[in-house]
Structures are given as structure tokens and as C-alpha cells.
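Taking it in order: structure first as C-alpha cells, then the write-up.
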Amino acid sequence: MLSICKTDNNILQNLADNAIEKGCWINLIKPSAEELRLVSEDTGAPMDFLKAALDAEERSRIEIEDDSILVITNVPIMEDETSFDTLPLGIIITADYLITVSLKDNRVMSYFNNDNTRYFCTNKKTRFLFQILYRSAILYLRYLKYINQHTDEIELNLRKTMKNKALFQLLQLEKSLVYFTAALKDNDIVMNTLISSIY
């Protein structure tokens, strides 16, 4: 799915698929080969940058090629009440555009909508990048708080009854924490690299 948006006076305008213009945000969610080709041709973003986040195992990193910067970060996703995972999110900054690419719609990117346009501006690309990373960090904290509360509830339940279901829920939450820990360590490296390149 391809969507092209641009903020103007705190209003998020949705542009037509063929109306890529300077200062817009191009959001690709599980894009087709044709959508990737169109975005690559119209923006000059390297095809390998656009495809990088489409590998579910991709790790957080930064890469620079010509006039484009690729930032891959892992964002948290909640699959059900006891199962969490991370998903690669590609953020590509070119001279005129900010492009985001992911395999699934996620709560980090869905935050950037008409209700919150006063908090972001599509043509301020570096600022927008840091706002995306900030939303991801907030979501990690929210999910970690939920996992902590849910773990306490399961442990209490486990003390009262020795049911296998509670034990499996606890193990699933522990596995989610392992995913989060690995993703956050990688994201920390990316963030430190970004900060050191600014200063």
C-alpha cells in the first residue's frame, strides 16, 4: 500500500499516488514491486534502501548512499495480550522526501495522522525522523509497562493454581522481553550514531 501525504498549516493532505512532490511523506506498507519502482524512480531513493525493511529479520542500522540516508529501526508490535514482537521500519531521507517502509501497519506510524498534525511537519525531515523514533520509544515503554503488570497478574494466578496455561503465558511474555531487549540495543546504536553525526 502506498500513501503520499504532506502537511500544510497543520492539515495532513493525502496526495494522489502519482503526485509525489517536494516535502511530502511517502508511506509504504507491504508495497508491491510496482509501488517500489514508482517511488524509486520519482524520488531517486535506491531500490535496495526501499527493500531493506521488507526483510522481517533486518537489524537496526544506518546506511548512506549518494544523497540518501537509510535508517532501519525496530518498532514494537503487539500480536495479542501475551505476545509481542518487533518489526523493522525503514526511514529513507532524500534531499526532498521522507519515505517510510514496513511490512505491516503499526502503531508507531499510524500515530502520524490528521488528529496529530500539529505535532509533526512532513517537510522537516530530520525532525520527523526523531519524532518517529520518539513515538517508537513511547510505545516500547507502554508495552513494557503492560508486560510487567501482566506478568505480576500471571505470577499471582500461578501461585493460586498450578495451571499450564498460566505458565505458557509467562513464557510467552518472557520471549517478548527478549525480542524487545535485542531490538532496543540495536536501536540504541542507531540513535547514538544519529546524535554523534549531528554534533
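The table below gives the values:
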read-out	value
Net length gained if the chain between MET47 and LYS30 were fully extended (0.36 nm per residue, minus Cα distance)	4.7 nm
Crossing angle, helix 164-198 versus the chain [Cα axis fit, 0-90 degrees, rounded to tens]	30
Helix axis angle, 33-43 relative to the chain longest principal axis, alpha carbon, degrees	50
Residue exposure sequence - SER3, SER196 - by fewest surrounding Cβ within 10 Å	SER196, SER3
Residue order, fewest to most surrounding Cβ atoms within 10 angstrom, among LYS30, LYS51	LYS30, LYS51
Descending semi-axes in Å of the range 80-120, equivalent ellipsoid built from Cα gyration tensor	23, 16, 6
Percent of alpha-carbon pairs separated by more than 31 Å within the chain	24
Label-point separation, ALA182 to TYR134 (7 Å along Cα→Cβ), nm	3.0
Placed amide H near CYS24: partners under 5 Å, 5+ positions off or other chain	LEU98
Which of ILE195, ILE99, ILE62, ILE92 has the fewest Cβ neighbours within 10 Å, and the rest in rising order	ILE195, ILE62, ILE99, ILE92
Exposed-loop-free span, longest in the chain, where GluC sites (Glu not before Pro) count as exposed if DSSP calls them loop and at most 12 other C-beta atoms lie within 10 Å	82-199
Extension gain from MET1 to LYS175, taking 0.36 nm per residue of separation minus the Cα-Cα distance	59.6 nm
Helix-only [θ]222 nm of the chain, DSSP H runs n ≥ 4, -39500 (n - 2.57) each, per residue, nearest 500	-15500 deg cm²/dmol
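Here, each number is a calculation from the coordinates, and none is a lab measurement. Everything numeric in this text was worked out from a predicted model, so none of it was measured. Using ideal geometry, Cβ is built from the backbone for each residue, glycine included, and neighbour counts are taken over all protein chains shown.
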